[in-house]
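Step one of this worksheet: look at the structure below.
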Amino acid sequence: MTLLIDNIGELVTNRDDGLGLLAKAAVVVDGDRIAWVGPSYHAPAADRRIDVDGAAVLPGFVDSHTHLVFAGDRAAEFGARMAGEPYTGGGIRTTVGATRSASDDDLRDSTERLVAEARRQGSTTVEIKSGYGLTVEDEARLLRLAREVTEETTFLGAHVVPAQYADDPWRYVSMVCGPMLAAAKPYAKWIDVFCERGAFDEDQARTILTAGRDAGLGLRVHGNQLGPGPGVQLAVELAAASGDHCTHLSDADVDALAGSETVATLLPGAEFSTRSAYPDARRLLDAGVTVALATDCNPGSSYTSSMPFCIALAVREMRMTPAEAVRAATAGGARALRRTDIGVLGAGARADLIVLDAPSHLHLAYRPGVPLIRTVLHNGVLQ
Ligand code: NIG
Ligand code: FE
């Protein structure tokens, strides 16, 4: 069964270093793959045709950083922050308590609801981390549930040190590297550590990431979110796919990223929701760093599943152009997940695309807060 999407006013292909824009374009989908991309007047016939009437078409967003499997919310904590309280990450333990008490069915329902919410806003790939279980059984359970909705699953047993290990964090590190990693591994593709003051220090993070790598998992690092620290340089040292947050970077951190294959994943929803200063994407882009944008969707620091919202924030607050932000939300996310089959529109790519209720990608930042995603095609299936 082939599908011709015709009369596209502006097609974002990401086939070059920019957006690879094509005007008056068409796309042919065959099953779950893109079969052909080119000018409308050359388009081959297909079993079915959709005329998008001059709309913009983009690759589906690749949200390469979320924490979607959790129970409860922390609206009161958000309210207190907006009244002047600082964000410390300490609320993670509140969500751990609620998540441990929730049944599989309740967690499955809330995860499916959030994935559907993200999908409606154009995300066709969503990475999901564990990290609200922090016991062997609960971390494996969260990853098993995450694996039901995405292949991009990340073991984040090293999210925070649980209270009962507070006087001996290395005992928790040993558990993460031993039985917890063994239980998580069947359901995880990646391992991540929150390397930050109040969470895991550099030595602990290196120990955990190395154990994960030895077990065959890819590496990701949360770092430099709340202040300067070793997270980003550790990510580069270990050739992690991504260093995430990157809000407080030294010149040496930027140089390290620029000379590496490690993507800087920026999460402006977190700065929005913690009322913090935003990372400077311009500084990273000008240094030649590959930048990804993601939502960080979680009940504490960033309870948004909206990639268009993050694009608008990145343009307004982080000195990105709309084109750079759209690329970071598509091809950048794919790079952060080391994927070449998503985040692009060309023959052979996965048939993940979105049709905007707008003639150009510019509208994603130009019309913030407006639901501009008209149609989502995921794996070749209209959603
Ligand atoms: O990415 N940084 C650590 N983890 C999350 C916050 C989780 C929470 O507050 O529940 C983040 O911002
Ligand atoms: Fe996060």
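The values are calculated or read from the model by the stated rules, or taken from the named source; none is laboratory data. Since this is a predicted model, take the numbers as computed values, not measurements. No Cβ is skipped: glycine too gets one built from the backbone with ideal geometry, and neighbour counts run over all protein chains shown. When the accessible area is computed, the model is the full protein with side chains, heavy atoms only, and any ligands, DNA or RNA have been set aside. Shrake-Rupley method; radii C 1.70, N 1.55, O 1.52, S 1.80 Å.
Is there a quick way to get the dipole size of the stretch 145-208? I mean about its Cα centre, with the Cβ of Lys and Arg at +1 and of Asp and Glu at -1; what is the value in debye to the nearest 20?
On the way: 6 positive and 10 negative charges, 40 e Å.
Around 200 debye, computed over the stretch 145-208.
Which one of Phe70, Trp190, Ala43 has its Cα pushed farthest toward the positive end of the charge dipole of the chain, where Lys and Arg give +1 and Asp and Glu give -1 at the Cβ?
The Cα lying farthest towards the positive end belongs to Ala43.
Sorted by accessible area (1.4 Å probe), largest first, how do Cys195, Cys177 line up? Walk me through the intermediate numbers first.
Working: Cys195 5, Cys177 35 Å².
Highest to lowest solvent-accessible surface, that is Cys177, Cys195.
What figure, in Å² to the nearest 10, do you get for the accessible area of Arg374 with a 1.4 Å probe and non-protein molecules left out?
Solvent-accessible area, nearest 10 Å²: 110 Å².
Keeping all protein chains in place and using 1.4 angstrom, which order do Lys185, Lys129 fall into by accessible surface area, from largest down?
Accessible-area ranking of Lys185, Lys129, largest first: Lys185, Lys129.
What's the magnitude of the charge dipole for the stretch 302-383 around its Cα centre, counting Lys and Arg as +1 and Asp and Glu as -1 at the beta-carbon? Answer in Debye, nearest 20.
With Lys and Arg at +1 and Asp and Glu at -1, about 140 debye.
Rounded to the nearest whole Å², what accessible area per residue is found for the stretch 1-115 with the 1.4 Å probe? Mind dumping the intermediate values first?
Working: 5210 Å² over 115 residues.
In whole numbers, the stretch 1-115 has 45 Å² accessible per residue.
Answer rounded, prolate or oblate for the stretch 8-51, using the Cα gyration tensor with square roots of eigenvalues a ≥ b ≥ c: rounded when a/c is under 1.5, else prolate when a/b is larger than b/c, else oblate. Walk me through the numbers before you get to the answer.
Details: a/c = 2.41, a/b = 1.50, b/c = 1.61.
It comes out oblate by the Cα gyration axes.
If ligands, DNA and RNA are left out, what is the accessible area of Asp105 with a 1.4 Å probe, given in Å² to the nearest 10?
Rounded to the nearest 10, the figure is 100 Å².
How long are the three semi-axes of the equivalent ellipsoid for the stretch 234-311, computed from the Cα gyration tensor as the root of 5 times each eigenvalue, in whole Å, largest first?
Details: eigenvalues 99, 31, 24 Å².
After diagonalising the Cα gyration tensor, the semi-axes are 22, 12, 11 Å.
For Ser242, enumerate residues with amide H under 5 Å from its amide H, sequence gap 5+ or separate chain, H modeled in the peptide plane.
Val221, Val263
Among bridges DSSP assigns within the stretch 1-94, what percent are antiparallel (round to 5)? Mind showing how you got there, number by number?
Numbers: 13 of 19 bridges.
Roughly 70 percent of the beta bridges in the stretch 1-94 run antiparallel, per DSSP.
Only bridges whose two residues both fall in the chain count here: according to DSSP, what percent of them are antiparallel, nearest 5?
45 percent
Among the lysines, which have Cα under 27 Å from the Cα of Lys129 when same-chain residues fewer than 8 positions away are ignored?
Lys185, Lys189
Filter the trypsin sites (Lys or Arg not before Pro) in the stretch 232-308 to those in DSSP coil with at most 14 other Cβ atoms within 10 Å of their Cβ, and list the result.
Working: sites: Arg275, Arg282, Arg283; in loops: Arg275.
Within the stretch 232-308, the qualifying trypsin sites (Lys or Arg not before Pro) (loop, at most 14 other Cβ atoms within 10 Å) are Arg275.
To the nearest 10 Å², what's Thr2's accessible area with a 1.4 Å probe?
Here the accessible area works out near 30 Å².
Would you work out what percent of the accessible area of the chain, with all protein chains in place, is carbon or sulfur (probe 1.4 Å)? Present the calculation step by step, with values, prior to reporting the outcome.
Numbers: 7450 of 14570 Å².
C and S fraction of accessible area: 51 percent.
Let me know the charge dipole size of the chain about its Cα centre in debye, to the nearest 20, where only the beta-carbon of Lys, Arg (+1) and Asp, Glu (-1) is charged. If you can, show how the numbers build up before the last one.
Values: 36 positive and 49 negative charges, 96 e Å.
Here the size comes out at about 460 debye.
Report the relative contact order of the chain, percent, no decimals, based on alpha-carbon pairs under 8 angstrom and at least 6 residues apart. Numbers along the way, then the final one.
Values: 957 pairs, mean separation 77.5, N = 383.
Worked out over the chain, it gives 20 percent.
So for the stretch 262-383: antiparallel DSSP bridges make up what percent, rounded to the nearest 5?
Values: 7 of 10 bridges.
Expressed as a percentage, antiparallel bridges in the stretch 262-383 total about 70.
Please report, in whole Å³, the volume per residue of the convex hull around the C-alpha atoms of the chain. Can you show the working numbers first?
Working: hull volume 47.1 nm³, N = 383.
In the chain, the Cα hull volume divided by residue count equals 123 Å³.
Of Leu267, Thr210, Ala239, whose Cα points farthest to the positive end of the dipole of the stretch 206-273 (charges on the beta-carbon: +1 Lys, Arg; -1 Asp, Glu; origin at the Cα centre)?
Thr210
Select from Thr330, Leu353, Tyr366 the residue farthest towards the positive end of the dipole of the stretch 319-376; place +1 on Cβ of Lys and Arg, -1 on Cβ of Asp and Glu, and compute about the Cα centre.
Thr330
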